[in-house]
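Notes follow the structure.
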Amino acid sequence: MFELRIAGCLYCLLIGGVFVGLWLYYDRRDHARYELEGRKATFHCIRCDHLYSDSSHAGTIACPKCSHMNARLRF
């Protein structure tokens, strides 16, 4: 049977590996979500006061509520 010291080291390495694996998984997932949100442009309709976003890179987009053409918001 394993010696207690070797078993303890293997257990710590296993737990550490699980934590590192979870950290890498959630880091990549959150980075992908952030990149997807960062590529969206925000628009504000001056006619109906509707705030919406779109993933296209156009300068003006029609409002989904009233179809008024609005310029992209700049921050």
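Quick note: the coordinates plus some simple rules give every number you see, no bench work behind them. Fair warning: this is a prediction, and the values are worked out from it, not measured in the lab. Heads up, the Cβs are rebuilt from the backbone with ideal geometry, glycines too, and the neighbour counts pull from every protein chain shown.
Return the single residue from ILE46, ILE15, ILE61 with maximal mean-square fluctuation; model: Gaussian network over the chain, springs between Cα atoms under 10 Å. Looking only at ILE46, ILE15, ILE61, the largest GNM fluctuation is found for ILE15. Per-residue 3J(HN,Hα) values for the stretch 40-53, derived from phi via the Karplus relation 6.51 cos²θ - 1.76 cosθ + 1.60 with θ = phi - 60°, read 7, 9, 9, 10, 10, 7, 7, 8, 10, 6, 9, 9, 8, 10 Hz in sequence order (x marks Gly and Pro). Put the Cα centre of the stretch 41-72 next to the Cα centre of the stretch 1-26 and the gap is 51 Å.
Compute a Gaussian network model of the chain, connecting alpha carbons closer than 10 Å, and tell me which residue from CYS12, CYS63, CYS45 fluctuates the most. With Cα springs under 10 Å in the chain, the top fluctuation among CYS12, CYS63, CYS45 is at CYS12. Here are some values of Cα Rg over 2.2 N^0.38 Å: (1) 1.44; (2) 0.99; (3) 2.17. Which one was computed from this structure? The value matching this structure is (3). Restricting the stretch 1-67 to chymotrypsin sites (Phe, Trp or Tyr not before Pro) that sit in a DSSP loop and have at most 10 other Cβ atoms within 10 Å of their own Cβ leaves PHE2.
Suppose we flag trypsin sites (Lys or Arg not before Pro) only when DSSP calls them loop and at most 14 other Cβ atoms lie within 10 Å. Which is the longest uninterrupted stretch of the chain? Counting at most 14 other Cβ atoms within 10 Å as exposed, the longest clean stretch of the chain is 1-38.
Helix-only arithmetic for the chain: the sum of -39500 (n - 2.57) across DSSP H runs with n ≥ 4, divided by the residue total, places the mean residue ellipticity at 222 nm at -17000 deg cm²/dmol.
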